[in-house]
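The block underneath contains the structure these notes are about, expressed in structure tokens.
What follows draws every value from the coordinates through simple rules; no lab data is involved. What you see is a predicted model; the values in this text were computed from it and never measured. Note that we place each Cβ from the backbone using ideal geometry, even for glycine, and neighbour counts take in every protein chain shown.
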Amino acid sequence: MFTLFFMGQSIIKDWVHVPGRHCASTALADLMRFYGHALTEPECFCAGAGLGFWYIEGLTPARLMHFRSRDIEEVFFRNIGAAFQWHTAGSKEDLRSALVTSIDSGAPVLLRTDIFYLDYYKSKTHFPGHVVVLWGYDLEGGTAYISDTERKGLTMCSLDALLEGVMHGDFPEGTQAHFTPVAEPAAIPQKKKLLADAARENAKSMLDQDGFEGYGVKGMQLASKKVVEWKELHDWKWLARFAYQVMEKRGTGGGGFRKMYTEALQEFAGKRPVAAMGQIAARWTDISAVLKEISESQVPDFRMVADMLLIQAIKEEEFYKDILG
């Protein structure tokens, strides 16, 4: 791999970016293609055991549903047999130095950011945990060159804004800088085995009864009970709108990531699990449509959402048990 240097600029030659649907899986697929491994975005998502469900209270917004596992990047690299560790930096200066050193050595850098700080988003809402890849920099111009999800080519971002975004990019806390230079991995496992093993790992995590009560299938059951209480909150419209967006719009590929997961299943699973996950994805899209309708109404009635969430818990539990069986 080569890096091009020119008057304070350094850009990795032959960088790769294929626009995708979700930030982390797009970034992982870009990195794999860069190093010559043919894994699609849905396959990278599956290999990282990316499916999740979280019901969380006390953050921003005050009631939150999230549909991806927390550590898809770490799990992905572990499953392909490559070393991985999120690094932290104590200051923007330390972070800048680490990023420059990595790019100069020819290694792209995986970054966790908060889109609130990224100048090209112009976002008024904090959204930490957003993953991008750094491919180059221009110190004199104060510019970073990154690849970001659905955007074509390399996106130019203020280097200072990117550093600020990374310093606040950890989800959900938003208090630690997370970055990791990605070196070329060794030979990865055969694709079907990689995906099937990861799917079983994902199923176990979603059925786990010992962890955080708001996670996995039991998290859906909890959400079904708690969502009816949203009507008592002053910002119920925004809660409904944000939940709709997180299910269907904010980088999930539709159906709370389940639509993309269905595509990965087609590479190794039988017709029954593929059909089951396709139906699950469609129902999440239906739930999001109801939430959108609530957000535009004058009546905060979440009872239908509660019933639909309970059905989803049943259907997803059946799916994961089927995968393990």
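Phi angles of segment 49-62 translate, via the Karplus equation with coefficients 6.51, -1.76, 1.60 and θ = phi - 60°, into HN-Hα couplings of 6, x, 5, x, 7, 10, 10, 10, 10, x, 9, 10, x, 5 Hz per residue; Gly and Pro are given as x.
Quotient of the Cα radius of gyration of segment 1-138 and 2.2 N^0.38 Å, N being its number of residues: 1.13. Remark: for residue pairs Lys124/Lys249; Lys204/Lys249; Lys92/Lys124; Lys191/Lys315, the C-alpha separation exceeds 24 Å in Lys204/Lys249; Lys191/Lys315.
Expressed in whole Å with the largest first, what are the equivalent ellipsoid semi-axes of segment 67-165 derived from the C-alpha gyration tensor as the square root of 5 times each eigenvalue?
Values: eigenvalues 89, 64, 35 Å².
Equivalent-ellipsoid dimensions as semi-axes: 21, 18, 13 Å.
A Förster radius of 51 Å combined with the Cβ-Cβ distance from Ala186 to Val299 puts the calculated FRET efficiency at roughly 0.35.
Among the listed pairs Lys192/Lys321; Lys192/Lys292; Lys152/Lys193, a Cα-Cα separation exceeding 28 Å is found for Lys192/Lys292; Lys152/Lys193. Note on Glu93/Phe212: beta-carbon distance plugged into 1/(1 + (r/R0)^6) with R0 of 35 Å gives a FRET efficiency of 0.50.
Counting helices only, and only those DSSP H runs with n ≥ 4, report the 222 nm mean residue ellipticity of the chain as the sum of -39,500 (n - 2.57) divided by its residues, in deg cm²/dmol to the nearest 500. Estimated from H runs of four or more residues: -14000 deg cm²/dmol.
By the count of other C-beta atoms within 10 Å, a proxy for reagent exposure, Phe77, Phe45 are ordered fewest to most as Phe77, Phe45.
Hand me the GluC sites (Glu not before Pro) from segment 271-325 located in a DSSP loop with no more than 15 other Cβ atoms within 10 Å, in residue order please. In loop regions of segment 271-325 (DSSP not H, G, I, E or B), the sparsely surrounded GluC sites (Glu not before Pro) are Glu296. Average projection, convex hull of the Cα set of segment 191-324: 8.0 square nanometres.
Lys and Arg at +1, Asp and Glu at -1: add these up for the other residues within a Cβ distance under 15 Å of Tyr55 and post the number.
+1
Treating the chain as a set of equal point scatterers at the Cα positions, no solvent, please give the Debye-formula log₁₀ I(q)/I(0) at q = 0.10, 0.12 Å⁻¹. Per q value, in the given order, log10 I(q)/I(0) is -0.58, -0.83. Scanning the chain for long hydrophobic helices, with DSSP H runs required to stretch 30 angstrom or more by C-alpha along their axis and to average at least -0.5 on the Kyte-Doolittle scale, returns 271-295, 303-324.
Rg over Rh for segment 160-251 works out to 1.08, using Cα positions for both radii and the Kirkwood form for Rh.
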